[in-house]
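Encoded as structure tokens, the structure appears first; notes follow it.
The values are calculated or read from the model by the stated rules, or taken from the named source; none is laboratory data. This one's a predicted model, so the numbers in the text were calculated from it and none came from an experiment. Cβ coordinates were reconstructed from backbone atoms using ideal geometry, including for glycine residues, and neighbour counts include every protein chain displayed. The accessibility values were calculated without ligands, DNA or RNA, using every heavy atom of the protein model including side chains. Shrake-Rupley method; radii C 1.70, N 1.55, O 1.52, S 1.80 Å.
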Amino acid sequence: MPQGDSQCKFSYLRPMFRFKQFNVDQAGCAMKINTDGVLIGALAGAGRPDTILDIGTGTGVIALMLAQRFGAARIDAVEVDDTAALTAQRNFAGSPFAGRLAVYAESFEHYLGKRPDSRYDLIVTNPPFYLNALESPKAGKTLAKHADGQFFDRLVRLAGRHLTANGELWLILPLPTSAWVKGIAADCGLKLRYKVNVLSYPDSEPHREILVLGLGDDREADQQFVIYREPKVYSQQYEAALGPFFTIF
């Protein structure tokens with residue numbers, strides 16, 4: 001879903017976005033809160049992860065949502081853009097979860113490279129800064145030669161090395177990118193534990209896939225997530241997932 005979807009009952013683009021338990025200041029941050037981000041923030045993870053890594057945290061919204069959901073988890077957030085990292089730091093400091101959140105203004109490669117023995121129960125990422133280029137009709141053919149392909153190759157391989165035995169890597173991706181990432185995962189020994197097909201309406205084709213990758217062999221049934229029941233009316237599924245966060249529910 002694009003940022004500031006006109007069908008939404010609220011604007012993702014306003015400078016201060018107020019959630020039920022925290023606020024997110026987006027001023028000066030190029031990547032605003034978007035549907036992909038709040039979906040993965042609401043859905044990622046299972047059980048009780050103790051250690052979480054958010055790659056490309058932007059405003060910090062995904063890390064904040066995960067901190068609300070998992071009350072004992074320690075969450076590290078990595079952001080290569082200095083301005084966005086400062087924004088995330090301010091948002092973390094102003095939240096009730098400040099003591100469990102840390103942001104690092106560096107690339108995930110540099111961050112993980114300095115911590116070869118670190119392991120996470122959950123690694124999550126929403127890389128929207130790549131999506132516009134990848135949604136063209138030629139994206140599937142050109143991805144392997146594009147810098148984006150190199151990015152995802154590094155991301156999946158590095159993340160796989162830093163998962164705990166039962167840890168999971170969650171990514172939300174457009175379909176052409178998802179197909180590429182599945183191939184990378186298979187090549188480096190990560191299993192597709194399951195995927196979530198994201199649809200705008202019940203009769204729509206999926207426009208995003210949430211991939212859940214891990215080291216274990218157990219395979220769960222794929223799931224379907226519908227955002228709207230009808231134009232301008234959210235589905236019960238969406239309201240249940242975002243109800244703990246959005247003030248409109």
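The table for this structure:
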| read-out | value |
| --- | --- |
| Sites residue 109 and residue 187 - FRET efficiency at Förster radius 22 Å, r taken between beta-carbons, to 0.05 | 0.75 |
| Top of 218, 25, 82 by mean-square fluctuation, Gaussian network on the chain, Cα under 10 Å | 218 |
| Accessible-area order (highest first, 1.4 angstrom probe) of the listed residues 164, 83 | 83, 164 |
| Cα→Cβ-extended label distance, 7 Å offset, between residue 224 and residue 48, nm | 3.5 |
| Descending semi-axes in Å of segment 60-124, equivalent ellipsoid built from Cα gyration tensor | 19, 16, 8 |
| Which of 170, 180 is most accessible, then next, and so on - probe 1.4 Å | 180, 170 |
| Number of Lys pairs (Cα under 28 Å; 8 or more positions apart or on different chains) in the chain | 24 |
| Stokes-Einstein D (µm²/s) once Rh is taken as the Kirkwood radius of segment 177-234 over alpha-carbon pairs, at 20 °C in 1.002 mPa s | 171 |
| Spin-label pair residue 205/residue 21, simplified geometry with 7 Å Cα→Cβ offset, distance in nm | 3.9 |
| Residue among 27, 98, 46 with the largest mean-square fluctuation in a Gaussian network model of the chain, springs linking Cα atoms under 10 Å | 46 |
| Relative intensity, log₁₀ I(q)/I(0), of the chain from a Debye sum that treats every alpha carbon as a point, q = 0.13, 0.15 Å⁻¹ | -0.78, -1.09 |
| Of the DSSP H helices in the chain, those whose Cα atoms cover at least 20 Å axially and whose Kyte score averages 1.0 or more | none |
| Length added when fully stretched, residue 165-residue 249, from 0.36 nm per residue minus Cα-Cα | 26.6 nm |
